[in-house]
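Just below is one structure, and these are the notes that go with it.
The values are calculated or read from the model by the stated rules, or taken from the named source; none is laboratory data. Here the structure is a predicted model, which is why all the values come from computation and not from measurement. No Cβ is skipped: glycine too gets one built from the backbone with ideal geometry, and neighbour counts run over all protein chains shown. Calculation scope for accessible area: heavy atoms of the full protein, side chains included, ligands and nucleic acids excluded. Shrake-Rupley method; radii C 1.70, N 1.55, O 1.52, S 1.80 Å.
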Amino acid sequence: MTALFIRDFRLALRAGGGALVGILFFLAVITVVPFGVGPDLALLSRIGPAMLWIGALLAALLGLDRLFQADRDDGSLDLLIMAADRHMLSVTVLVKCLAHWTATVLPLVIAAPLLGLFMNMTPTAIGATALTLLVGTPAITLIGAVGAALAVSLPRGGLLVSVIVLPLTIPVLIFGVSAAYGAMTETAPFLAPFLILAAITLFFAVIGPLAAATALKFSTD
Amino acid sequence: MRLVAEKLSGERGGETIFSDLDFVIAMGGALLVTGPNGAGKSTLLRIIAGLLAPASGDVRLEDSGSFPDLQSACHYLGHQNAMKPALSVRENLAFWQAFNGEPRKDIDEALETVGLDGIDHLPFGYLSTGQKRRIAIAKLLVSHRPVWLLDEPTAGLDKVSEGRFAGLMQGHLAEGGIVIAATHLPLGLEGAQELRMEGRG
């Protein structure tokens with residue numbers, strides 16, 4: 001399993017792996033916002049956490065369709081499925097998701113504080129947003145794995161995966177942003193939405209791999 | 001150890017392409033699956049590998065020793081090589097060895113056996129078609145599985161490599177392994193059973 005994690009992590013970082021695409025997209029989206037919104041610093045700092053979350057959500061969805069498709073194209077997926085007796089398929093899926101998250105989404109979380117400066121956010125807001133991204137983004141990858149598994153046999157499944165997955169990630173977005181706002185303002189709570197966010201991630205850590213593994217088993221013909 | 005298929009039928013897209021196949025392969029036995037394109041050779045191999053469900057019938061491994069079922073006792077070499085072009089040959093083989101478990105030969109030894117020692121640092125994508133196939137064959141050697149399912153294993157190989165691969169299969173059979181190969185070309189396996197699939201002709 002460690003071997004699988006290392007392989008997927010390496011692949012994401014090598015040429016054509018797509019780890020950089022997500023972060024460049026994130027950077028582009030957030031850089032453009034101040035130009036679109038105008039030089040209203042108060043407004044920017046108010047919408048900052050939401051913009052960071054939306055940017056990170058879309059960037060995290062970018063490379064997801066290749067999660068299993070690359071393995072299917074070169075025949076590795078058959079062998080991963082055949083090894084189900086040694087490595088339960090859902091655990092294989094979970095490890096692939098973790099490697100994908102570490103290589104392509106974790107850099108977004110790390111870049112978020114820097115981009116938060118562009119949005120005139122306070123240190124508290126930046127910290128809270130980065131923390132909620134850290135806790136919430138694994139859920140996006142795990143939900144995305146189900147979509148990626150369903151669309152694995154479609155040659156141009158990329159957009160389809162995003163469309164299938166996006167509605168399911170809305171709760172992650174809602175609770176992520178509201179926890180970040182909770183940390184910024186006195187009136188809104190932080191802990192409750194943050195805990196729900198953590199619960200969503202844990203919930204999909206179980207449901208996501210199970211559902212994706214089931215979909216993959218039926219993809220082998 | 002015996003591989004037994006009983007009344008095995010397979011279908012593709014709702015159409016039955018073969019039905020009521022019966023065969024038994026004992027330890028050290030080989031089965032060559034031959035026949036025209038579309039006769040269901042690959043489908044049969046994928047059914048044995050557990051990647052497709054049979055339309056009816058059943059295939060199983062008896063007295064399988066430490067392997068709980070047929071699928072876990074199989075090496076499947078399909079049309080694709082299951083290697084990543086961006087990773088080096090060694091990284092690819094090391095991954096499959098670690099993932100499949102039951103290590104047998106180490107990577108240098110396996111590469112030497114397929115005659116490709118000294119290129120382990122190259123990215124897999126740089127190799128020629130035949131060399132890629134030989135690396136995929138080396139994958140069969142780095143971890144142990146008693147049953148080898150080979151789909152056109154010699155596609156793209158030159159004469160020397162074909163001969164070497166025949167020797168590898170003989171060696172595997174001599175150790176009590178089982179080989180099932182779908183092929184159009186003679187593989188140089190003496191004493192192998194032949195299963196001729198007629199297709200729809």
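Below is a table of values for the structure above.
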quantity	calculated
12 Å beta-carbon shell around B:A30, net charge (K/R +1, D/E -1)	-2
Area of A:D71 that stays accessible when all protein chains are in place (1.4 Å probe, Å², to 10)	0
Kirkwood hydrodynamic radius of the protein assembly as shown, Cα pairs, Å	23.6
Relative contact order (%) - criterion: Cα under 8 Å, at least six apart; region: the stretch A:95-190	30
Mean projected area (nm²) of the alpha-carbon convex hull when the stretch A:1-150 is viewed from all directions	9.2
Positive dipole terminus of chain B, leading residue within B:V4, B:G65, B:L77 (C-beta point charges)	B:L77
Buried solvent-accessible surface, both chains (B, A), 1.4 Å probe, Å² to nearest 100	2400
Distance in nm between pseudo-label sites at A:I207 and B:L122 (7 Å out along the Cβ direction from Cα)	4.9
Chain lengthening between A:L43 and A:T2 when straightened (0.36 nm per residue, less Cα-Cα)	10.2 nm
Local net charge near A:S90, Cβ-Cβ under 12 Å (Lys/Arg +1, Asp/Glu -1)	+2
Two-site label geometry, A:R86 and A:D74: point separation in nm, points 7 Å out along Cα→Cβ	1.8
Surface share of carbon and sulfur [accessible, 1.4 angstrom probe, percent] for chain B	49
Dipole magnitude of the stretch B:1-158, debye to nearest 20 (Cβ charges: Lys/Arg +1, Asp/Glu -1, about Cα centre)	280
Residues of the stretch A:81-120 with amide N under 20 Å of a point placed 7 Å along Cα→Cβ from A:L134	A:98-118
Accessible area per residue in Å² at 1.4 Å probe, computed on chain A	44
Efficiency of FRET between B:V24 and B:T129 - r from beta-carbon atoms, R0 35 angstrom, step 0.05	0.50
Computed Kirkwood radius, in angstrom, where 1/r is averaged over Cα pairs of the stretch B:2-196	17.1
Where labels lie 7 Å past Cα in the beta-carbon direction, separation of A:A192 and B:K159 in nm	8.1
Degrees, to the nearest 10: A:106-118 long Cα axis against longest axis of chain A	20
Set of lysines near B:K159 by C-alpha distance (under 16 Å), chain-local residues within fewer than 8 positions excluded	B:K132
Between the stretch B:153-193 and the stretch A:39-103, the Cα center-to-center distance that results, in Å	41
Angle between chain A longest axis and helix A:158-184 axis [Cα atoms, degrees, rounded to 10]	40
Per residue convex hull volume, Cα atoms of the stretch A:112-159, in Å³	81
